[in-house]
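These notes concern the structure reproduced below.
The values are calculated or read from the model by the stated rules, or taken from the named source; none is laboratory data. Small disclaimer: the values here were computed from a predicted structure and weren't measured. Don't worry about glycine lacking a Cβ; one is built from the backbone with ideal geometry, like all the others, and counts go over all protein chains shown. The accessibility values were calculated without ligands, DNA or RNA, using every heavy atom of the protein model including side chains. Shrake-Rupley method; radii C 1.70, N 1.55, O 1.52, S 1.80 Å.
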Amino acid sequence: MHGRTKIIAEYIWIDGYAPTANTRSKWKVLDGEVTRLEDIPAWGFDGSSTKQAPGDKSDCALQPVAFYPDPIRGIPHILVLCEVMNADGSVHKSNTRAKLRRLAKRHADEEPLFGIEQEYTLLKNGRVAGWPEGSDSFPKPQGEFYCAVGADNVAGRALVERHMKACLAAGLAYAGGNAEVLLGQWEYQIGAVGPLEVCDHLWVARWLMDRLGEEYGLTVTLEPKPVKGDWNGTGAHTNFSSKAMREPGGMKAIRAACKKLGMRHRQHIAVYGADNDQRLTGLHETCSIREFRYGVSDRGASIRIPLATAKQGYGYLEDRRPAANMDPYRVCAALLRTIFSVDHGSLGGD
Ligand code: ADP
Ligand code: MN
Ligand code: MN
Ligand code: MN
């Protein structure tokens, strides 16, 4: 044997597709150990193939920002999450992480924590997994699929389980999961951790789901309303707390946050995912996209204050509006901006 350890580094980034971006990745073999981020070289890619650059100036740069043990190739290989930069080193316009980076720093003293519930729907050959063949055939009406067990009531569990183990082996803050209301629809949660961490982990978890799906012939859709009609949509409830909210008397800060959120409903909806109007109808455990309401234990509200939080007088709030296909960097940035905005006394009320 000669030479140093070869480490396969899978560089992951977010492309420029709008309104919903995708993850992309390619691998590079590194010579020698990686113990710190600085050990991982910057890299580049052809931005003209990802809607990130014109053909005549196609070079985009990849700046590593976090790395994780690669649960698929195993130790010592790594997954490298990157920010996309322009060739001159400035922030690329598709790079939504850079904005959150600045906001997270500004509000670090308030110790914000986020937990994101990522719902998704599995497809097999273009049809929802587990659904009978033929476009006019449907499963039984929804009701028995949520948190279900049994071959008639769930589809794709082998992938779901494999994905969970991969997320944990990568060291992601994967917190749990469940089968959802629509047959073939599932959820996992990431958090509760800080703003950059929750978003980075969620994007890597999304990449792992797409990547592992290849091995099962399953694809993932994050469309907010994958099946029209009396079938649940697909969301990404975003749970939030600040230090003040988590301390005795925190309900005051939680209610103040809800009021601020109500004043910026439209600005939030603008970054809460594409086609979310199809999901936020007021039916299927949602509040209409045209309304804003908050309430304790209310799954028909825009913001739910969990019962346990209301009972003990402190805890966190759940923003139920984000769609499954949202960009967490933008959602978390909007929440930080609104909730920590300076109250000029114009809000009135109690
Ligand atoms: P539900 O399905 O009842 O809405 P879940 O258990 O799926 O709730 O998700 C709750 C999420 O809230 C989890 O991701 C969890 O990490 C997060 N969470 C719990 N406590 C806090 C907190 N203090 N601040 C922010 N998020 C929190
Ligand atoms: Mn949940
Ligand atoms: Mn759910
Ligand atoms: Mn929820």
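Of the residues screened, residue 275 is one that is out of contact with any Leu (no Cβ under 8 Å at 6 or more places or on another chain), farther than 27 Å from residue 194 by Cα, surrounded by 14 or more Cβ atoms within 10 Å (Cβ to Cβ) and modelled with pLDDT of 95 or more. Looking at 161, 119, just one residue is at pLDDT 95 or above and within 15 Å of ligand 3 (Cβ to nearest atom), and that residue is 119. Checked against (1) open to solvent by 50 Å² or more (accessible area, probe 1.4 Å); (2) more than 14 Å from ligand 3 (Cβ to nearest atom), residue 183 passes all but a single condition, namely (1). Taken over region 107-151, the residue count meeting the criterion of being farther than 30 Å from residue 246 by Cα, of a type in the set (A, V, I, L, M, F, W, C) and buried (at least 19 other Cβ atoms within 10 Å of the Cβ) is 5. Exactly one residue out of 103, 168, 159, 172 is in contact with a His (Cβ under 7 Å, 6 or more places away or on another chain), over 30 Å from residue 55 (Cα atoms) and not in a strand (DSSP E or B), and it is 172. Quick check: anything in region 212-220 in a loop (DSSP other than H, G, I, E, B) and more than 15 Å from ligand 4 (Cβ to nearest atom)? Checked against the condition, which is being in a loop (DSSP other than H, G, I, E, B) and more than 15 Å from ligand 4 (Cβ to nearest atom), region 212-220 yields at least one hit.
Residue check: residue 299 meets all listed conditions (1) under 23 Å from residue 186 (Cβ atoms); (2) away from ligand 2 (no atom under 14 Å from the Cβ); (3) assigned to a loop (DSSP other than H, G, I, E, B) but one, namely (2). When we screen 202, 208, 196 for residues that are modelled with pLDDT of 95 or more and within 16 Å of ligand 4 (Cβ to nearest atom), the only hit is 202. Scan region 22-55 residue by residue and report those that are charged (D, E, K, R), closer than 13 Å to residue 78 by Cβ and part of a strand (DSSP E or B). Answer for region 22-55, where residues must be charged (D, E, K, R), closer than 13 Å to residue 78 by Cβ and part of a strand (DSSP E or B): just 28.
The rows are residues; the columns are (1) crowded, with 18+ Cβ neighbours inside 10 Å; (2) of a type in the set (A, V, I, L, M, F, W, C).
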residue	(1), (2)
38	no, no
60	yes, yes
71	yes, no
82	yes, yes
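On the basis of being in contact (Cβ under 8 Å) with a residue 24 or more places away in the chain, open to solvent by 10 Å² or more (accessible area, probe 1.4 Å) and within 16 Å of ligand 4 (Cβ to nearest atom), does residue 191 make the cut? Taking the combined requirement at face value, the residue satisfies it.
Within region 7-36, the set of residues being surrounded by 15 or more Cβ atoms within 10 Å (Cβ to Cβ), within 26 Å of residue 326 (Cα to Cα) and small (Gly, Ala, Ser) comprises 16, 21, 25.
Suppose we keep only residues that are crowded, with 16+ Cβ neighbours inside 10 Å and polar (S, T, N, Q) within region 229-268. Which one would you say is nearest to residue 324 (Cα to Cα)? In this case the residue turns out to be 234. Considering only region 228-254, state which residues are away from ligand 3 (no atom under 16 Å from the Cβ), touching a residue at least 60 places away in the same chain (Cβ under 8 Å) and either assigned to a helix (DSSP H, G or I) or closer than 26 Å to residue 188 by Cα (or both). Hits for region 228-254 are 230, 240, 241, 242, 243, 244, 245, 246, 251, 254.
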